[in-house]
Structures are given as structure tokens and as C-alpha cells.
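A short worksheet on the structure shown next.
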Amino acid sequence: METKYAKDAIHVCRLMFGQAVLELLADRQPVTNRALKEKIKVMLPDAKPELVYETAMALLDHSLHRVRTPLTPT
């Protein structure tokens, strides 16, 4: 069961992850797992950046998997 709050949290994770990628690219830094974790840690000093990172990576993996197999029912 996905509530409105869960959907909002997913959107926030996507935005944070995307912002971290854009900042790394703007700084001409390589986009690596370590660099992403560090960027997110700076964005969320009092939160658990690992949770945001892991959620964003799971969403990305899920999105890529769906793109590779478009005939798979959702």
C-alpha cells in the first residue's frame, strides 16, 4: 500500500539524487557512488543520507529495469 506520504518521500529522494548528480557535473567531478553519498550527506546533515541514497539507487535500478524490459507487466 503506497500512501501519499510514501509517494512524496520517493519524489524527494529522486530530487535529492538528481540535485547531487547535477552539482557533481557542474563541478566537473566524476559521478561516483562515494561522491553522491558525500553530496547527499552535505544536503542532509541531520538526516540519514544513506537512506536517501539507497532509496534513490533502488528507484533508479527499478526504472532502468523497466526500460530494459518494456513488455513486462507492471
Problem set entry | Every pair of residues 6+ apart whose Cβ atoms lie under 7 Å, when the first sits in the range 43-61 and is aromatic (Phe, Trp, Tyr) while the second is modelled with pLDDT of 70 or more and outside any loop (DSSP other than H, G, I, E, B) | Tyr53/Leu36; Tyr53/Lys37; Tyr53/Ile40
Exercise. What number of residues in the range 12-40 are more than 18 Å from Glu50 (Cβ to Cβ) and surrounded by fewer than 16 Cβ atoms within 10 Å (Cβ to Cβ)?
Worked result: 7
Exercise. Regarding Asp46, is this residue in a loop (DSSP other than H, G, I, E, B) and at pLDDT below 80?
Worked result: yes
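The values are calculated or read from the model by the stated rules, or taken from the named source; none is laboratory data. Predicted model, so just to flag it, every value in this text is computed and none were measured. All Cβ positions, glycine included, derive from the backbone under ideal geometry; neighbour counts span all protein chains shown.
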